[in-house]
Amino acid sequence: MLISDVDPHSGASILRDEVFAGALGIVRLPGETAREFMRNAVDFANDVLPGTLGATIIIDPKTRKANAAAFDDAISGLRYGDIGVNVWSAMNFLLGYTPWGAFPGHTPQDIGSGTGVVHNAFLLQHVQKAIAEIPFRPSPRAIIGGELTISPKPVFFVTNKTAETTIRRLVKFLVDGKPTALPGIFASALRG
């Protein structure tokens, strides 16, 4: 579901109810500079939107580099348990080893997005948030766009032509554990 031009003061359902579905509400926020916009966006997310489970930030490398301190402040200031940078915040759940849960502070009387975390394979204590990040563009476009990465197109992109082959090879490797399978996995992933 896509809802465009949501008035930030309207009290619309998308601004009141935590949504557990594919939904996006577009809200235009003020900001003369990227720093000002990021500060306003963080305040809006923390103070207006319901829930503290996941937030996603989409930012191109040029804007991020020019506003590195503001971007770091935005990540630090978001009161969300899982943050995705250029990727859906649920990637933290899908990875299976990063902590997945609401930002700390909810009580049984005001449970909000819940308490505690799941997964957390490294048994980290007192986790505030987990951050998953991927390049703004897949390789080779990432390099052209100023990101030094050879990250292939993610297998969850609908335009990835070799997703099925890559996943099948990866699963076979996870079952068999034969390192000789790695070149085939990488070759398939890079062709995606």
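Just so you know, all these numbers are worked out from the coordinates, no wet-lab data involved. What you are looking at is a predicted structure, and each value in this text was computed from that prediction instead of being measured. Quick reminder, even Gly has a Cβ in these numbers, built from the backbone with ideal geometry, and neighbours come from all protein chains shown.
Only sites in a loop by DSSP and with at most 13 other Cβ atoms within 10 Å count here; which chymotrypsin sites (Phe, Trp or Tyr not before Pro) in region 114-192 make the cut?
In loop regions of region 114-192 (DSSP not H, G, I, E or B), the sparsely surrounded chymotrypsin sites (Phe, Trp or Tyr not before Pro) are 122, 156, 157.
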Open item on the list: In the chain, once you exclude exposed trypsin sites (Lys or Arg not before Pro) (DSSP loop, at most 13 other Cβ within 10 angstrom), what's the longest stretch remaining?
Closed with: 29-160
Open item on the list: Test of understanding: given the chain, find the longest segment containing no GluC sites (Glu not before Pro) that are in a DSSP loop and have at most 15 other Cβ atoms within 10 Å.
Closed with: 33-192
- [ ] Determine which lysines satisfy two conditions relative to residue 62: a Cα distance under 22 Å, and not lying fewer than 8 residues away in the same chain.
- [x] 153
Task: Nearest-20 debye value, the chain charge dipole, Cβ charges on Lys, Arg, Asp, Glu - done: 1060 debye
Task: Contour excess over end-to-end distance, with Cα ends at residue 3 and residue 167 and 0.36 nm allotted per residue - done: 55.7 nm
- [ ] Restricting to the chain, compute how many DSSP beta bridges are antiparallel as a %, nearest 5.
- [x] 25 percent
Open item on the list: Nothing charged except the Cβ atoms of Lys and Arg (+1) and of Asp and Glu (-1): what's the magnitude of the dipole of region 31-137 about its Cα centre? Round to the nearest 20 debye.
Closed with: 300 debye
